[in-house]
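Colleague: Attaching a single structure in structure tokens format; questions to follow.
No value in this document is a laboratory result; all are computed from the given coordinates. Quantities reported herein were computed from a predicted structural model and do not represent experimental measurements. When we count neighbours, we look across all protein chains shown, and the Cβ atoms used for this are built from the backbone with ideal geometry, even at glycine.
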Amino acid sequence: METLSHSEEQVMVALWSCGRPAARREIAARLPESCRWADTTLLNFLLRLENKHFVSVQRQGNKNVYTPLVRRETYCGAVSAAHLQRLYGGDARAMLGALADTGRISYTAMERLARYLDARAAESPEYDYD
């Protein structure tokens, strides 16, 4: 899957947060303060996303409505997996160790993650620790 620039990702996050197809103004309203661009800039990013097949555009009345063609989970999973492979050789423990060693993940978040992983492992057909 093609990766997006930081700005393109911000536009997709705003569109995903709409929960339905959305017009440019709705997308703009959900962008973070650091991404409050001119209308033409946002339209340029939306055109790039259309060319990359991340959104489709349809005319409704006097405005364009943008629909995400890629689910947030699909994109985030693909980008995270690529990042994990590129920087940590696919070793999730090394990545989490780096986060813990630099104080970028809290103890509470690590506990939640451990509970989540335990539950996922128990659901797995490979689980055989009895």
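Colleague: List the longest stretch of the chain that has no exposed loop site; here a site is one of the GluC sites (Glu not before Pro) assigned by DSSP to anything other than H, G, I, E or B, with at most 13 other Cβ within 10 Å. The partial results should precede the final answer.
Modeller: On the way: sites that count: GLU2, GLU126.
So the longest stretch without any such site is 3-125.
Colleague: Just one of [x] 1.35; [y] 1.05; [z] 1.65 is Cα Rg over 2.2 N^0.38 Å calculated from these coordinates, so which is it?
Modeller: [x]
Colleague: Right, next: Over all Cα pairs of region 6-68, how is the pair count split among 10 Å bins, expressed in % and running from 0 up to the last occupied bin?
Modeller: 24, 63, 13, 0
Colleague: Counting only C-alpha contacts under 8 Å and six or more residues apart, can you give the relative contact order of the chain as a whole percent? Present the calculation step by step, with values, prior to reporting the outcome.
Modeller: Numbers: 92 pairs, mean separation 24.9, N = 130.
About 19 percent, as a whole number.
Colleague: Among ASP101, ASP91, ASP118, determine the one that fluctuates most according to a GNM of the chain built with springs between C-alpha atoms less than 10 Å apart.
Modeller: Greatest mean-square fluctuation among the candidates belongs to ASP118.
Colleague: Something else now. Once you have a ≥ b ≥ c as the square roots of the Cα gyration tensor eigenvalues for region 91-130, tell me rounded if a/c is under 1.5, and otherwise prolate or oblate according to whether a/b is larger than b/c.
Modeller: Numbers: a/c = 3.85, a/b = 2.09, b/c = 1.84.
It is prolate, given that a/c is not under 1.5 and a/b is the larger ratio.
Colleague: Any idea which of ALA100, LEU113, PRO125 is furthest toward the positive side of the dipole for region 91-130, if Lys and Arg beta-carbons carry +1 and Asp and Glu beta-carbons -1?
Modeller: In region 91-130, that residue is ALA100.
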